[in-house]
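Here's the structure, in C-alpha cells; my notes come after.
The values are calculated or read from the model by the stated rules, or taken from the named source; none is laboratory data. Source: prediction; values computed, not measured. Cβ placement follows ideal geometry from the backbone for every residue including glycine, while neighbour counts extend to all protein chains displayed. Heavy atoms of the whole protein, side chains included, go into the accessibility calculation; ligands, DNA and RNA do not. Shrake-Rupley method; radii C 1.70, N 1.55, O 1.52, S 1.80 Å.
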Amino acid sequence: MRLVLLGPPGSGKGTQAKWLKARYGIAHLSTGEMLRASIFEDGELGREIRLLMESGELVPDDLVVRMIEEKIARPECEKGFVLDGCPRTLVQAEALDQMLSDKHMGLNLVIEMTVDPDEVIRRISGRFSCISCGASYHVTFNKPLSDDTCDYCGHTEFEKRSDDSEETVRKRLDSYWSKTATLVSYYRDKDLLQSVDSMKPVNTVSLEIGRLISNYVG
Ligand code: AP5
C-alpha cells in the first residue's frame, strides 16, 4: 500500500500517518521529520534548512526528492509507505511518479485532509510531542492518557517545535495554498484523490481513512 497524506499544517497528517503505520505495518515517511533530523546531523546544510523551516519556507525540491528516493529504496518500505508532507510541489509530485514508475509501482491513494485555518492555529499553538518517540499531542484535544507520560513509549519529556509560532504557521499556510494545494487537482485528474474532513476528532478521522483504504486499496 502506497499512500500520500496531503493537507495544510495541523490537518493531522503526522497523527494519522503514525496510526497508519501502527494499523497496517507500513513505513511512515515524513519529510518534516527527516529535515528536522538533518538540522542536527549536517553542519552548513543543516543551518540552511533550519533557516528555511523556521521562516515557514519550503526546502528546495532537489534535496527533498533525493531524501525520498533514498528512503523508498529501503527494505522497510517494501510492504508499503505513507508519505506525510511530501510531495509539496508539482516538481516533487512528478519526481515521485517517476521514481515509482522506475520501480514498476504507483501510488494507490492520495488522501486530502481538510481543516479550517483558525483550527490550524488552535491546533498548532497547543501541539507538543514526546522527545523520545515523536508522538504528537495537543494540550486540549489530544492529551496523553496520563498528563506527564507518553502513551506510546512511556517517556516523560516533551517539546514544542521551533516553527510553531503563530507568525510562522501563517506563512506555512500561505505556502500550502500557493504551492501545494495545486496537487489536489493533479491527483484528482489521476483518479487517486479522496478527501476526509479533518475537523472531526482524531479517532473519527482514522476510521474514515481506514474505510477509504478498504474501499480503494483493498
Ligand atoms: P512538516 O513537519 O511536514 O509540517 P506541516 O506540513 O506544516 O504539518 P504539521 O506537522 O505542522 O501538521 P500535521 O498535519 O502533521 O498535523 P499533526 O498531526 O502534527 O514540515 C515542516 C517544514 O519542513 C515545512 O514548513 C517546510 O519548511 C519543510 N518541509 C517539509 N516537507 C517538505 C517538502 N516536501 N518540501 C519542501 N519543504 C518541506 O497535528 C497537529 C496538532 O493537532 C497536534 O497537536 C495533534 O495532536 C492535533 N490534532 C491532529 N488531528 C486532530 C484532530 N482531528 N482533532 C483535533 N486535534 C488534532
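Of the helices (runs of 4 or more DSSP H) entirely within the stretch 99-218, those holding at least 1 residues that are hydroxyl-bearing (Ser, Thr, Tyr) and closer than 22 Å to CYS86 by Cα occupy 166-175, 182-189, 202-216. Just to check your reading of the model, which residue among GLU94, GLU33 is open to solvent by 40 Å² or more (accessible area, probe 1.4 Å), of a type outside the set (Gly, Ala, Ser) and modelled with pLDDT under 95? Of the residues listed, the single one that is open to solvent by 40 Å² or more (accessible area, probe 1.4 Å), of a type outside the set (Gly, Ala, Ser) and modelled with pLDDT under 95 is GLU33. Residue check: is LEU45 crowded, with 20+ Cβ neighbours inside 10 Å and either in contact with a Leu (Cβ under 7 Å, 6 or more places away or on another chain) or not hydroxyl-bearing (Ser, Thr, Tyr) (or both)? Judged against the criteria, LEU45 is not a match.
Might you check whether a residue that is away from the ligand (no atom under 11 Å from the Cβ), at pLDDT below 90 and open to solvent by 90 Å² or more (accessible area, probe 1.4 Å) occurs anywhere in the stretch 130-138? Scanning the stretch 130-138, I find no residue that is away from the ligand (no atom under 11 Å from the Cβ), at pLDDT below 90 and open to solvent by 90 Å² or more (accessible area, probe 1.4 Å), so the answer is no. Of the residues ASP97, ASP61, ASP102, ASP84, the single one that is touching a residue at least 60 places away in the same chain (Cβ under 8 Å) and of a type outside the set (A, V, I, L, M) is ASP84.
Open to solvent by less than 60 Å² (accessible area, probe 1.4 Å), within 13 Å of the ligand (Cβ to nearest atom) and on the phi < 0 side of the Ramachandran plot, is that true of VAL120? It is true that VAL120 is open to solvent by less than 60 Å² (accessible area, probe 1.4 Å), within 13 Å of the ligand (Cβ to nearest atom) and on the phi < 0 side of the Ramachandran plot. Only one of the numbered conditions (1) touching a residue at least 60 places away in the same chain (Cβ under 8 Å); (2) more than 10 Å from the ligand (Cβ to nearest atom); (3) open to solvent by 10 Å² or more (accessible area, probe 1.4 Å); (4) touching a Gly at 6+ places or on another chain (Cβ under 8 Å) is violated by GLY14, and that is (2).
Answer with yes or no whether ASP151 is without any contact (Cβ under 8 Å) to a residue 24 or more places away in the chain and away from the ligand (no atom under 13 Å from the Cβ). No; evaluated as a whole, the condition is false for this residue.
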